[in-house]
Amino acid sequence: MSMTTEIPAKFGTNPGVPTGRRKPKRTPKGRQVDQDALTQVVELLGDLPRRRDLLIEHLHLLQDRYGHLKAAHLAALAFEMKLALTEVYEVATFYAHFDVVKEDEVAPPAVTVRVCDSLSCAMAGADKLMADLQASIGGEVRVIRAPCMGACHEAPVCAVGHVQVSHATAKSTAEAAHAHPHASAHPTESFEAYRADGGYTLLNACLSGARQRAELIKSVSDAGLRGLGGAGFPTGRKWSLVSAEPGPRLMAVNGDEGEPGTFKDRHYLGLHPHRFIEGMLIAAWVVEAREVYLYLRDEYPELRLMLLEELARIEAAGLSPHTKVYLRRGAGAYICGEESAMIESIEGKRGLPRNRPPYVAQVGLFGRPTLAQNIETLYWVRDIVERGAEWFTSFGRRDRKGFRSFSVSGRVKNPGVKLAPAGITMRELIDEYCGGMTDGHVFKGYLPGGASGGILPASMADIPLDFGTLEKYGSFVGSHAVVILSDHDDMKAVALNLMKFFEDESCGQCTPCRVGTEKAVKLMETGPWNVKLLDELSTAMRDASICGLGQAAPNPLTSVLKYFPEELTKPLGSW
């Protein structure tokens, strides 16, 4: 019996007979790669690896060369890196410093001026500066707003391309925009000067076996050194936890200080970069991290160029035989200051925080146990080990031990990074380290820990400032980013400015943060504040958000509700 099935003639078994049904035309599916764009991408990447974790670095190369990211270049990059186009697009559109231009869109002007509108700059007249620039600046220049640039003590601040203009005016910014400046920097203390002053002696002692790992862990533990990026986790304990995990182990250094009001890492990197680098290499030796990834925010281009040169000197001098240091560049995302989001970004992905557990110390970078440390924490390692724990603990007030670096901005005469004893009060910090309040201003309130740390009134300026002292008041010191407020400042406007920052910087992964910050801004912008609804919304954000951004975003709002109730009935002010 034959099993052949006859096909009716209408389906075209005879090629010479019309079937009544047109055969579909064969065309390639998906976005096609433009050959010219592919040639440009290949030439730009040169001999660089095409690994997935280098996607953001390669996007930076395209952005720097062409001033934006063309659709054709993104398709070519995806083809060259053997990635799905959606993977490239989702990363390129996640970060604020990448300008993605679709095929039917006009490319942005040759020069972009970013005007910081975070709190300290807003207090210094950023809104007026923005309006003046938009009305007066000419040529191929685009003026847009931007979040904190880590120069709050020099407010208002603009960035012309990648070069910042401190104490910016419309005139100085326009002059810089038409001059097309380029970032460059040199360390205050050179490699040779640092070595002549005893630098890298401790590192060499570690590498030679003259020092033991347990000895260094004990030194930083006895000194009470804590993570100075905001969390305050004991450093010695972290080193022990990571060391106990099975190898190979890695290390990630967090240089993405995006908290409004914070600029201490920038200060120390520019002042004594090799003190930090030695601390980094010592920590890598302690936990036996075979690779170190230093993640630096894109707002510090001059420091990135300087670090590239200094790290090359270190490698040439044979001071890092135990590990390989890679410098990675952020792309304008505050969320990447959260350690798991930073690790996602280092891996070339969107900076979305991870759920815990597992913790980064167990499953971190590329799935390996990872030591995550802040720049300033590593900066103090050499001094603590060489001088002894007693030296560090001899500082402090009111039973607190050590010293803290406060980034101070706002209504004081002398803003900047202030190295002060742990446990100092805000009133003492203003009077002893900042020269008092700006003339004509009366102390009204302060942010003890940046945008996340809440707002406290001047009546609470005699509380010791340190880890664990402010939590019962709904506040915390975090990264010690201090913004001083005066009687010239409307607390509702302050809280709204901070909430808008969180709205812009939310990664969008979880609904309580993504939607909660947006709804809070709308409620805070219009009419008398609905205290009950705002309080309910704050509770939902705090309880249900995945990471610290959404959990801490309501802090400024709830601080105003709690400590400045007299301002709730006033109309919303501005600067």
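Each part reduced to its alpha carbon centroid, the stretch 356-400 and the stretch 460-539 end up 28 Å apart.
Computed from label points 7 Å out along Cα-Cβ, the spacing between R514 and T393 is 4.8 nm. Along its first, second and third principal axes, ordered by size, the stretch 449-492 spans 30, 20, 14 Å in Cα coordinates. DSSP beta bridges confined to the chain are antiparallel in about 40 percent of cases.
Shown for the stretch 190-305 is the translational diffusion coefficient from the Stokes-Einstein equation, using the Kirkwood radius over Cα pairs, a temperature of 10 °C and a viscosity of 1.306 mPa s: 103 µm²/s.
In sequence order, the stretch 306-323 has phi-based couplings of 5, 5, 4, 5, 6, 5, 5, 5, 4, 5, 5, 7, x, 8, 10, x, 8, 7 Hz under the Karplus curve 6.51 cos²θ - 1.76 cosθ + 1.60, θ = phi - 60°, and Gly or Pro positions carry x. Extent along the principal axes, Cα only, for the stretch 292-436: 46, 35, 34 Å, with the longest axis given first. When peptides 271-277, 137-143 are sorted by average Cβ neighbour count within 10 Å, with the highest value leading, the order is 271-277, 137-143. Take 99-108, 145-154, 175-184 and order them by the average number of nearby Cβ atoms within 10 Å per residue, most first; the result is 145-154, 175-184, 99-108.
Calculated on the Cα set of the chain, radius of gyration then Dmax: 26.8, 106 Å.
Size descriptors for the stretch 82-150, from the alpha-carbon set: Rg then Dmax equal 15.4, 48 Å.
How much net charge surrounds P273 when only other residues with a Cβ under 9 Å from its Cβ are counted (Lys, Arg +1; Asp, Glu -1)? The answer is -1.
Scoring 261-270, 522-531 by mean Cβ neighbours within 10 Å over their residues and listing the highest first yields 261-270, 522-531. Taking all protein chains into account, the per residue accessible area for the stretch 442-499 stands at 23 Å² (1.4 Å probe).
Using the Cα gyration tensor of the stretch 477-558, with a ≥ b ≥ c the square roots of its eigenvalues, what is the shape: rounded (a/c below 1.5), prolate (a/b larger than b/c) or oblate (neither)? It is oblate, given that a/c is not under 1.5 and a/b is not larger than b/c. Can you give the angle from 0 to 90° between the axis of helix 213-223 and the longest principal axis of the chain, with both taken from C-alpha atoms, to the nearest 10? The helix 213-223 is inclined about 50 degrees to the chain.
When the P(r) of the stretch 314-374 is calculated, the portion above 14 Å amounts to 60% of the C-alpha pairs. Express the carbon and sulfur contribution to the solvent-accessible surface of the stretch 435-575 as a percent, rounded to the nearest whole number, probe 1.4 angstrom. With neighbouring chains kept in place, the figure for the stretch 435-575 is 55 percent. Per-atom-type breakdown for the stretch 83-207 gives carbon and sulfur 53% of the accessible area (1.4 Å probe, protein chains only). I want to verify the translational diffusion coefficient of the stretch 381-482 in µm²/s; compute it with Stokes-Einstein, Rh as the Kirkwood radius over Cα pairs, at 37 °C and 0.692 mPa s. For the chosen part, D equals 234 µm²/s. Ellipsoid semi-axes for the stretch 349-392, based on the Cα gyration tensor and the rule √(5λ), read 31, 11, 9 Å when sorted largest first. So if I take the centroid of the Cα atoms in the stretch 273-317 and the same for the stretch 238-261, what is the distance between those two points in Å? Between the Cα centres of the stretch 273-317 and the stretch 238-261 lies a distance of 14 Å.
The 3J(HN,Hα) values that the Karplus relation (6.51, -1.76, 1.60; θ = phi - 60°) gives for the stretch 127-143 are, in residue order, 4, 5, 4, 4, 5, 5, 5, 5, 7, 10, 6, x, x, 7, 10, 10, 10 Hz. Gly and Pro appear as x.
The values are calculated or read from the model by the stated rules, or taken from the named source; none is laboratory data. Values in this document were obtained by computation on a predicted structure and should not be read as measured data. Heads up, the Cβs are rebuilt from the backbone with ideal geometry, glycines too, and the neighbour counts pull from every protein chain shown. Please note that ligands, DNA and RNA were not included when accessible areas were found on the heavy atoms of the full protein model with its side chains. Shrake-Rupley method; radii C 1.70, N 1.55, O 1.52, S 1.80 Å.
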